[in-house]
């Protein structure tokens, strides 16, 4: 399983989770975990996802997220989970 | 499952505390490129580096994107050129520079000679060409090993290097002596060092190998901010834990690069390498321990603790550790060191003491332009003696600032930074350096 972290942050607005989740669903990317919070009107969400269903390269998936970034005017950053596992798990 | 707090800690390290992978360095063996004809040798060198190194930069960039960790430099190190040049080495230098540009790497190291016991004809030819080559090429770094614990100190080479450093500074005077920033004189040079200017691919290395250098002085400093006033036991433990975490990422990047390029993994260099950016300083780790500035009494002890704890933490995080491994203390590349030198807290002599306990040596230090070649040779000899006697790598990378005196400033730009010109002890040593010959290997070299 190729796991990745998608972090979404920016000014809060309606439908952020829906928009991101819909896109991931279209790409056949399964969401494994979500944490989300709002602090002073600032939205932050972290999703752990499984990329294997997408049958696309990491770069292609990242490019697919670009329209969502543009539409929501939010920072959407995807990175492989391995870096967190390496740092925090022996 | 990784907890949110852990994810945030990693992201904070990268985004706010300047944690990065300082370099992926691809070591390439060039012994099979040797030829009596200099141009034929150069052509082979160019072809091999471009072929083997083709995927290095794109692979590094892909890993950066996918893992969300900056990889600041992609570099190539090659077999010391004196071992492959049977004629004029300058065509090879031009081929190396061209190949470095073609592959897109930041630097290429290995315009080097290993002459700790004596010089071959090829070593002499290479040495003579260093000033011209460093002035005329952009991406090549040069290193010369003049001493080792096993063989002692080659004082003929030490003498010659003083003159070569002076000449290199003169030929690159319009760039504040930038050529000297690409030239390092070693004792006990290592074969798998990923850092410049001293990287080369040793003869004990495989055909090619991926060596990775990590960095993160800012991360260590922030971690120490959490243990203000605590005893040194806690300080050492905190550094160890942090070094473990950052080295694990280095190991991950090295493994990925190795797999993707189908090139064997060599080593991870457990290093704290600073940059001139604020929040990326080794000196500021020392001040966080309670010193007003780097150079204050206690600095050597603080650095000894830091260097040791970085190794203890890092060694568990990687299956092969090598290179220079430890804390670097370059002056011009570290804002805390620059400030300490400018304030007069840090002298050349204190830096020399610090090199007894850090990973390398006197690094990126601007000295007055009128410093004599013999004085520079004396500095090299002292530093080599520290390395030889203490069985460690030491090095000298000093930059005589032509036309400038102590207190003036030199500017190299980028990661090489800027530095105040530091005063140098100007009492004479000409008769000492003129002796030449070899200082014998110390008693403890006989370990068999």
query: Can we say residue B:162 is more than 14 Å from chain A (Cβ to nearest Cβ), in a helix (DSSP H, G or I), touching a residue at least 24 places away in the same chain (Cβ under 8 Å) and farther than 30 Å from residue B:216 by Cα?
result: yes
query: In the list B:296, B:317, B:277, which residue meets the criterion of being in contact with a strand residue (DSSP E or B) (Cβ under 9 Å, 6 or more places away or on another chain) and in a loop (DSSP other than H, G, I, E, B)?
result: B:317
task: Identify all residues within the range B:350-370 that are surrounded by fewer than 23 Cβ atoms within 10 Å (Cβ to Cβ) and more than 17 Å from residue B:286 (Cβ to Cβ); write none if there are none.
output: B:368, B:369, B:370
field: Answer residue from the range A:52-81, given it is free of Cβ contacts under 8 Å to residues at least 60 places away in the same chain and in contact with a helix residue (DSSP H, G or I) (Cβ under 6 Å, 6 or more places away or on another chain) and is farthest from residue B:316 (Cα to Cα) among those
entry: A:68
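Need at least 3 residues that are more than 10 Å from the chain's Cα centre (by Cα) and within 14 Å of another protein chain (Cβ to nearest Cβ) per element, so show me which helices (runs of 4 or more DSSP H) inside chain A make the cut, counting only ones lying wholly within it.
A:58-64, A:82-88
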task: Would you mention how many residues in the range B:13-41 are within 14 Å of chain A (Cβ to nearest Cβ), in a helix (DSSP H, G or I) and in contact (Cβ under 8 Å) with a residue 12 or more places away in the chain?
output: 2
statement: The residue from A:38, A:29, A:17 that alone is at negative phi and either crowded, with 16+ Cβ neighbours inside 10 Å or in contact with a helix residue (DSSP H, G or I) (Cβ under 9 Å, 6 or more places away or on another chain) (or both) is A:29
task: Starting from the range B:166-189, keep only residues that are over 15 Å from residue B:364 (Cα atoms), then list their pairs with residues that are part of a strand (DSSP E or B) whose Cβ atoms are within a distance under 6 Å, requiring at least 6 positions of separation or different chains.
output: B:187/B:147; B:187/B:394; B:188/B:148; B:189/B:145
- request: Inspect all residues belonging to the range B:194-214 and state whether any of them is touching a residue at least 24 places away in the same chain (Cβ under 8 Å) and within 14 Å of chain A (Cβ to nearest Cβ).
  value: yes
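Give the range B:239-267 a look and list any residue that's assigned to a strand (DSSP E or B) and either touching a residue at least 60 places away in the same chain (Cβ under 8 Å) or within 12 Å of chain A (Cβ to nearest Cβ) (or both), or say none.
The answer is B:266, B:267.
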message: Can you tell me which residue is nearest to residue B:254 (Cα to Cα) among those in the range B:15-34 that are at pLDDT 95 or above and surrounded by fewer than 22 Cβ atoms within 10 Å (Cβ to Cβ)?
response: B:29
field: Qualifying residue in the range B:12-21 (condition: in contact with a helix residue (DSSP H, G or I) (Cβ under 6 Å, 6 or more places away or on another chain) and within 29 Å of residue B:122 (Cα to Cα))
entry: no
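The values are calculated or read from the model by the stated rules, or taken from the named source; none is laboratory data. Not measured: the values here are computed from a predicted model. Note that we place each Cβ from the backbone using ideal geometry, even for glycine, and neighbour counts take in every protein chain shown.
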